[in-house]
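The values are calculated or read from the model by the stated rules, or taken from the named source; none is laboratory data. A quick note: this is a predicted structure, and the numbers were derived from the prediction, not measured. Ideal geometry is used to build each Cβ from the backbone, glycine not excepted, and the neighbour counts take in all protein chains shown.
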Amino acid sequence: MNLSAGTVLVIDDNEAVRTAFDVLLSIHGARVLAAATPTEGLSLLGREAVDLVIQDMNFRREATSGEEGVALFHAIRARFPEVPIILLTAWTHLETAVDLVKAGAADYLAKPWDDSRLLTSVRNLLDLRKARAEAQALRAQRTRARESLASEFDLCGIVYESEAMHTLVSTATHIAHADVPVLITGPNGAGKEVLADIIEANSSVHGKPYLKVNLGALPNELMEAELFGTETGAFTGARARTGRFEAADGGTLFLDELGNLSATGQAKLLRVLQTGEFSRLGSNTTRRAKVRVLAATNANLRAAIRDGRFREDLFYRLNVIELEMPALLDRREDIGALARHFLEPGFTLAPDAVDALTRYPWPGNVRELQNTLKRACLLSTDRTINAAALALPAATAPAEETTLDRATIEQALGRAQGVVAQAARELGMSRQALYRRMDKLGLRQPN
Ligand SMILES: Nc1ncnc2c1ncn2[C@@H]1O[C@H](COP(=O)(O)OP(=O)(O)OP(=O)(O)O)[C@@H](O)[C@H]1O
Ligand SMILES: [Mg+2]
């Protein structure tokens, strides 16, 4: 059994006990530090990186009340709240130990202890601590990467924590300068427009006109007039009017919901992309405009091409660079940060709210999350938003094959002190499903 090469501090006045732990834990790969008194123990904790404390409850031969142990426990918790503590206690004082477990002790062992039970407990706690330290290091590394990107580029206030989003945003900033169209795909409310804003903000034409047209919101006849403009008399009541391509000349045009563009609209768009030329409706005069086109769609354009609803040649013109915005469900690590970002000032999230937000599938993605928090802040009588105040729709049948990410599972296991059944309950899945997921992520110890 390998104890992850962790450092264990044993605090016990009895030298025989210290030696026994030293021998037992050292041969299993741990580094063992020993202290005979609470003062010495605390000072070692201040100097050394300790991963686990095993502490006695009495430190003088004549003492049996356990008071010194209780005081030491609270002193360690106050100064080193991250370090797990195993209590060594007499059979006659189990109640105190149970109380301290409620107060955050990781475990307790009655003297004389059972070596194999001790080793199991130590191993589980060291593994958990290692997993947490790794997750934390990863988060810190991502924060650094994000900050370095933000110092170099304008990220337009986008909020994320996930690796997937970091890669996407990083790509967007790096292709921003290229004078080519970009196609942004992804589900409703996932943040496609935010990504378009980032591209524009970091492009060579930033500061020039930046116009947005929602092609889904316009009837076909108006769409072409909107994009290319009209000449007086083009249709009944039509007045001369500048289209968006003309208005965006020299700058950027964001075409939202591209999948809704009519067949003639598609033909005209292809022409202007290929030649830079277009005509207003009701006019034969050729006009020119140089426009960077960013297009977004939540439709599957490849399927639309197969069905003859979208031109393949236009598709290849537009998707020179294709950026795919993942659904929020596929980047659950972003949920917490986004939720806090959307809270009104002065509000906080209760832990059960964070859990509920992390578990909910978010079919409406970031927009739904934003609306949920706006509504909760508006309606909540309490400045701490709890799960009930979020009023999330009851989740559809819990997915047995979960795609929860490593960090979410590790955090749930951490809160459940490694008890899988409890973590599974908290995550709203069966124990078997959680075991399968842990196996897949390599989170389960071979026994
Ligand atoms: N990562 C993010 N950080 C901060 N705000 C975000 C983020 N992603 C989305 N938002 C916000 O969520 C809302 C929806 O985003 P956006 O309009 O960009 O989505 P969309 O993919 O264009 O949606 P649709 O397909 O419905 O047009 C906006 O108010 C946007 O500001
Ligand atoms: Mg949009």
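Being under 14 Å from GLN411 (Cα atoms) and in contact with a Ser or Thr (Cβ under 6 Å, 6 or more places away or on another chain) is the filter here; which residues of segment 128-166 pass it?
LYS130
Identify, please: which residue in segment 172-204 is without any contact (Cβ under 8 Å) to a residue 40 or more places away in the chain and in a helix (DSSP H, G or I) and is, among those, farthest from ligand 2 (Cβ to nearest atom)?
Kept after step one, since they are without any contact (Cβ under 8 Å) to a residue 40 or more places away in the chain, are these residues of segment 172-204: 173-174, 176-177, 194, 204.
Those left that are additionally in a helix (DSSP H, G or I): 173-174, 194.
Values: THR173: 19, HIS174: 22, VAL194: 9 Å.
Restricting to residues being without any contact (Cβ under 8 Å) to a residue 40 or more places away in the chain and in a helix (DSSP H, G or I), the top hit is HIS174.
List pairs: first residue in segment 357-384 and of a type in the set (Lys, Arg), second residue within 11 Å of ligand 1 (Cβ to nearest atom) and modelled with pLDDT of 95 or more anywhere in the structure, Cβ distance under 6 angstrom, at least six positions apart or on different chains.
ARG367/GLY189
Please go through segment 135-176 and pick out each residue that is more than 19 Å from ALA407 (Cβ to Cβ) and exposed (fewer than 13 other Cβ atoms within 10 Å of the Cβ).
Hits for segment 135-176 are GLU147, SER148, SER151, GLU152, GLY157.
In segment 290-308, what residues are in contact with a Lys or Arg (Cβ under 8 Å, 6 or more places away or on another chain), surrounded by fewer than 22 Cβ atoms within 10 Å (Cβ to Cβ) and of a type in the set (A, V, I, L, M)?
Scanning segment 290-308 gives a single hit, ILE305.
Exactly one condition in (1) within 16 Å of ligand 2 (Cβ to nearest atom); (2) on the phi > 0 side of the Ramachandran plot is false for THR297; which is it?
Only one criterion in (1) within 16 Å of ligand 2 (Cβ to nearest atom); (2) on the phi > 0 side of the Ramachandran plot is unmet by THR297, namely (2).
Are there helices (runs of 4 or more DSSP H) fully within segment 308-414 with at least 3 residues that are within 16 Å of ligand 1 (Cβ to nearest atom) and out of contact with any Pro (no Cβ under 6 Å at 6 or more places or on another chain)? List them.
Ranges flagged: 333-342, 365-379.
Take ALA145 and decide whether it is over 21 Å from ARG18 (Cβ atoms), touching a His at 6+ places or on another chain (Cβ under 7 Å) and outside the structural domain of THR408 (by TED's automatic domain parsing).
Values: over 21 Å from ARG18 (Cβ atoms): yes; touching a His at 6+ places or on another chain (Cβ under 7 Å): yes; outside the structural domain of THR408 (by TED's automatic domain parsing): yes.
So ALA145 fits the description; yes.
Check whether at least one residue in segment 178-199 is surrounded by fewer than 21 Cβ atoms within 10 Å (Cβ to Cβ), among the polar types (S, T, N, Q) and more than 25 Å from GLU368 (Cα to Cα), and report yes or no.
no
Restricting attention to segment 123-134, which residues are free of Cβ contacts under 8 Å to residues at least 12 places away in the same chain and either in contact with a strand residue (DSSP E or B) (Cβ under 7 Å, 6 or more places away or on another chain) or buried (at least 16 other Cβ atoms within 10 Å of the Cβ) (or both)?
Narrowing segment 123-134 to residues free of Cβ contacts under 8 Å to residues at least 12 places away in the same chain: 133-134.
Within segment 123-134, none qualify.
Which one of the conditions (1) surrounded by fewer than 19 Cβ atoms within 10 Å (Cβ to Cβ); (2) in contact with a Phe, Trp or Tyr (Cβ under 8 Å, 6 or more places away or on another chain); (3) in the same structural domain as LEU379 (by TED's automatic domain parsing) does ASP334 fail to meet, given that it meets all the rest?
Among (1) surrounded by fewer than 19 Cβ atoms within 10 Å (Cβ to Cβ); (2) in contact with a Phe, Trp or Tyr (Cβ under 8 Å, 6 or more places away or on another chain); (3) in the same structural domain as LEU379 (by TED's automatic domain parsing), the lone unmet condition for ASP334 is (1).
Give the residues of segment 214-230 that are surrounded by fewer than 19 Cβ atoms within 10 Å (Cβ to Cβ) and not in a helix (DSSP H, G or I), sorted by residue number.
ASN214, PRO219
Any residue in segment 290-302 that's assigned to a loop (DSSP other than H, G, I, E, B): show its pairings with residues that are within 16 Å of ligand 1 (Cβ to nearest atom) at Cβ separation under 6 Å, as long as the two are six or more apart or on different chains.
VAL291/LEU253; ASN298/PRO187; ASN298/ASN188; ALA299/GLY259
Given the structure, is PHE235 away from ligand 1 (no atom under 16 Å from the Cβ), in a loop (DSSP other than H, G, I, E, B), more than 26 Å from SER162 (Cα to Cα) and in contact with a Leu (Cβ under 6 Å, 6 or more places away or on another chain)?
Values: away from ligand 1 (no atom under 16 Å from the Cβ): yes; in a loop (DSSP other than H, G, I, E, B): yes; more than 26 Å from SER162 (Cα to Cα): yes; in contact with a Leu (Cβ under 6 Å, 6 or more places away or on another chain): no.
It is false that PHE235 is away from ligand 1 (no atom under 16 Å from the Cβ), in a loop (DSSP other than H, G, I, E, B), more than 26 Å from SER162 (Cα to Cα) and in contact with a Leu (Cβ under 6 Å, 6 or more places away or on another chain).
Restricting to segment 111-122, what's the tally of residues that are free of Cβ contacts under 8 Å to residues at least 40 places away in the same chain, of a type outside the set (Phe, Trp, Tyr) and surrounded by 16 or more Cβ atoms within 10 Å (Cβ to Cβ)?
1
Across segment 2-12, what is the number of residues that are surrounded by fewer than 18 Cβ atoms within 10 Å (Cβ to Cβ) and more than 11 Å from VAL122 (Cα to Cα)?
The total comes to 1.
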